[in-house]
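**Student:** The structure is given below, and queries will be raised subsequently.
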Amino acid sequence: MTAVDHLTPLTEASYYILISLVEPLHGYGIMQKVEALTGGRVTIGPGTLYGALGNLEAAGLIRRCPEADGGDRRKAYVLTERGRRVAAAEIARLEEMAGHGRRLLRSGGVGDGR
Amino acid sequence: MGVEPRRIRRCVRVFFAWQDGAEERWLEQMAAEGWLLARILWPVYTFVQAAPARLAYRLDYRTGSREDLDAYLQLHRDAGWELAARLGSWMYFRRPATGTAADELYTDNRSRAQRYRRQLNYMLVSVPPLLWLAAISLQRLKGWGAGVIRWGLVVALLALVYGMGRLARTIRRLEADPRE
């Protein structure tokens, strides 16, 4: 299992792939879910998705889920405990970033540096 | 109007590793003129005649196991990409062009860089065998054919090194781009 340091902060694609896998899904299922979730704002191409699945699996954040494969060539994946922890840490980081942004922009941004 | 035999056209083309973009544009141009890529048997490209179409061709460079290949191709099929042809590790995909992000296999710079890095690593591995062949040919081969083989090896090595330099530059540019 390789370190996750080189994967975090997660790219937008990796983040959406990771949180999509709270339930077992195969590649195309992930694409559809992310598309629906973001109203089409985030599109993940098959090359990017295939590479990200490999990276996330190698880092132990997701694992293969053969019982959900459905007997065809599609491989299903699901979040691991480790992946869940990394996703939670990432959500906390994003919330902190959003909070800082809101606070500073609301203060008017006219040299109010307190 | 009976069933006419499908017309076929063959083109000879040498494709270098750093020209994937040019290769894609060329195939798209052929499709616009009504020629669909059917097969590549290096360096011969076979096209069949079809209705002119606006297609997006994209090349991927894939290294991996045979078992993974099925899942890889299935994922691309699901996403609307047809495998038009293969040339070694090069996968030639196509789909009707939409003019949106759906026309891309890679949708962020991080994964684009990783794709080119994969290709670069593969080229690096092929340098030692070529050097070894060059050394052998210098030692053992004599006479008329030896010069031809030697120069062939020199040209292959130069092309390889040049290609790796181009790829390294592309990777650096992609990794320096603040957009993912």
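Only the coordinates and a few stated rules stand behind these numbers; no lab work does. What you are looking at is a predicted structure, and each value in this text was computed from that prediction instead of being measured. Here the Cβ is made from the backbone with ideal geometry for all residues, glycine too, and neighbour counts use every protein chain on show.
**Student:** State to the nearest 20 debye the size of the charge dipole of the protein assembly as shown about its Cα centre, where the only charges are +1 on K and R beta carbons and -1 on D and E beta carbons.
**Tutor:** Dipole about the Cα centre, nearest 20: 940 debye.
**Student:** Between B:S137 and A:R85, what is the label-to-label distance in nm when each label sits 7 Å out along the Cα-to-Cβ direction?
**Tutor:** Spacing of the two 7 Å Cα→Cβ label points: 5.5 nm.
**Student:** Mind checking which of B:R110, B:R25, B:R150 has the largest fluctuation in a GNM of chain B, springs on alpha carbons under 10 Å?
**Tutor:** Sorting by GNM fluctuation, first place goes to B:R150.
**Student:** Something else now. Treating only the Cβ atoms of Lys and Arg (+1) and Asp and Glu (-1) as charged, compute the dipole magnitude of the range A:21-114 about its Cα centre; round to the nearest 20 debye.
**Tutor:** Dipole of the range A:21-114, to the nearest 20 debye: 240 debye.
**Student:** Please give the net charge around A:G83, taking every other residue with its beta carbon less than 14 angstrom from that of A:G83, where Lys and Arg add +1 and Asp and Glu add -1.
**Tutor:** +1
**Student:** Charges on Cβ only, +1 for Lys and Arg, -1 for Asp and Glu, centred on the Cα centroid of chain B; of B:A22, B:L174, B:A50, which one is farthest towards the dipole's positive end?
**Tutor:** B:A22
**Student:** Right, here's the next one. Compare B:S137, B:S89, B:S111 in a GNM of chain B, Cα atoms joined below 10 Å, and give the one with the largest fluctuation.
**Tutor:** B:S137
**Student:** Given axes a ≥ b ≥ c from the Cα gyration tensor, I'd like to know whether chain B is rounded (a/c under 1.5), prolate (a/b larger than b/c) or oblate.
**Tutor:** oblate
**Student:** Averaged over peptide B:110-116, how many Cβ atoms belonging to another chain are found within 10 Å of each residue's Cβ?
**Tutor:** Partner-chain Cβ atoms within 10 Å, mean over residues of B:110-116: 5.
**Student:** Shifting gears a bit: Taking springs between alpha-carbon atoms closer than 10 angstrom, which of A:Y28, A:Y77, A:Y16 fluctuates most in the Gaussian network model of chain A?
**Tutor:** So, out of A:Y28, A:Y77, A:Y16, the one fluctuating most is A:Y28.
**Student:** While we're on this one: How high is the relative contact order of chain A, in percent, with contacts defined as C-alpha pairs under 8 Å that are six or more residues apart?
**Tutor:** Reported relative contact order: 28 percent.
**Student:** Say the dipole of the range A:12-106 comes from +1 at the beta carbon of Lys and Arg and -1 at that of Asp and Glu; which of A:S20, A:V42, A:A76 then lies farthest toward its positive end?
**Tutor:** Sorting the options by dipole projection puts first A:V42.
**Student:** Partner chain Cβ atoms within 10 Å, averaged over the residues of A:39-45 - can you pull that number for me?
**Tutor:** 4
**Student:** Another question, if that's okay. Among B:N109, B:I149, B:A159, pick out the residue whose Cα is farthest towards the positive end of the charge dipole of the range B:109-176, where Lys and Arg carry +1 and Asp and Glu carry -1 on C-beta, about the Cα centre.
**Tutor:** B:N109
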